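**Student:** Here's a structure for you.
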Amino acid sequence: MKLELKNIKHANWASEETACYDANLYIDDQPFATVSNDGHGGADRVDHDPRFKGNWSEKLEEAEQYCREEYKWKGYKGTWLNGSLEYACASLLDDYLDRKHYKKVLKQICFVDDNGDLMSFPKKVKPSPTIYNTIREQRDDLKNVTFLNELSFDDAISKIKSVEV
């Protein structure tokens, strides 16, 4: 089963205890539900998408069952807790917001130094295909670094997340 959020509208300014958002939930590339949260700490609302064809209640139960195993999470003192469709949507929203954030970060020249710290050049130094070799030639301390901008977007995000605290 493949879960995906599309048409995400996130209101960071209205997010208090929970994320304030509105999105369409797709299951196996088919529209299934609209999900939303007003950002004041309540549970997500999951409403039937009129474009969904089939038995909505059955598919909802199937999705909940899938999420119980696929989105398990480690709770207090390392005990594993069952996931839920709500937790899956929160996870998908977090992934979306991370990607949006890192897209902005990677508009600067970024690299991970020898100490494992994420470093970047000033914004006025723009990424370009030839600038990385120029930097390596001019700076001995950067001869062996991997510039995140040279990696694929997914690999760059993985590298950033591996060094974040």
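No value in this document is a laboratory result; all are computed from the given coordinates. All values reported here derive from a predicted model rather than from experimental measurement. Heads up, the Cβs are rebuilt from the backbone with ideal geometry, glycines too, and the neighbour counts pull from every protein chain shown.
**Student:** Using only alpha carbon pairs under 8 Å that are at least six residues apart, calculate the relative contact order of region 1-157 and give it in whole percent.
**Tutor:** About 12 percent, as a whole number.
**Student:** Report, to the nearest 10°, how far helix 56-70 tilts away from the longest principal axis of the Cα atoms in the chain, using its own Cα long axis and a range of 0 to 90°.
**Tutor:** Tilt of helix 56-70: around 40 degrees.
**Student:** Sticking with this structure for a sec: Taking only Cα atoms, what is the 0 to 90° angle, nearest 10, from helix 153-163's long axis to the longest principal axis of the chain?
**Tutor:** 80 degrees
**Student:** Now a separate question. Where in region 1-69 are there trypsin sites (Lys or Arg not before Pro) that are in a DSSP coil and have at most 14 other Cβ atoms within 10 angstrom of their Cβ?
**Tutor:** For trypsin sites (Lys or Arg not before Pro) across region 1-69 that sit outside H, G, I, E and B with at most 14 neighbouring Cβ atoms in 10 Å, the list reads LYS2, ARG51, LYS53.
**Student:** Taking 25 Å as the cut-off for C-alpha to C-alpha distance, list the pairs among LYS2/LYS74; LYS6/LYS59; LYS9/LYS104; LYS6/LYS161; LYS6/LYS77 that go past it.
**Tutor:** Listed pairs above 25 Å: LYS6/LYS77.
**Student:** Ranked from highest to lowest mean number of other Cβ atoms within 10 Å per residue, what is the order of the peptides 84-92, 109-117, 138-146?
**Tutor:** With the highest mean Cβ count within 10 Å placed first, the list reads 84-92, 109-117, 138-146.
**Student:** In addition: Could you work out the helix-only [θ] at 222 nm for the chain, with each DSSP H run of four or more residues adding -39,500 (n - 2.57) and the total divided by the number of residues, to the nearest 500 deg cm²/dmol?
**Tutor:** When only DSSP H runs of four or more count, the value is -10500 deg cm²/dmol.
**Student:** Shifting gears a bit: With label points built 7 Å along Cα→Cβ from the Cα atoms of THR146 and ASN24, find their separation and express it in nm.
**Tutor:** Output for this residue pair reads 3.7 nm.
**Student:** For region 1-103, what class follows from the C-alpha gyration tensor (a ≥ b ≥ c being the square roots of its eigenvalues): rounded when a/c is under 1.5, otherwise prolate if a/b is larger than b/c, else oblate?
**Tutor:** Because a/c hits 1.5 or more and a/b fails to exceed b/c, region 1-103 counts as oblate.
**Student:** LEU85: net charge of surrounding residues, Cβ under 12 Å, Lys/Arg +1, Asp/Glu -1, itself excluded?
**Tutor:** Result for the local shell: -3.
**Student:** Rounded to the nearest 0.05, what FRET efficiency do SER57 and LEU118 have when you use their Cβ-Cβ distance and R0 = 41 Å?
**Tutor:** About 0.35, to the nearest 0.05.
**Student:** Here's a follow-up. What FRET efficiency comes out for the pair GLN138/ASP95, r = Cβ-Cβ distance, R0 = 45 Å, nearest 0.05?
**Tutor:** The computed FRET efficiency comes out at 0.75.
**Student:** Would you please name the trypsin sites (Lys or Arg not before Pro) within region 81-116 that are DSSP coil residues with at most 14 other C-beta atoms within 10 Å of their C-beta?
**Tutor:** Of the trypsin sites (Lys or Arg not before Pro), the ones in loops of region 81-116 whose Cβ has at most 14 other Cβ atoms within 10 Å are LYS107.
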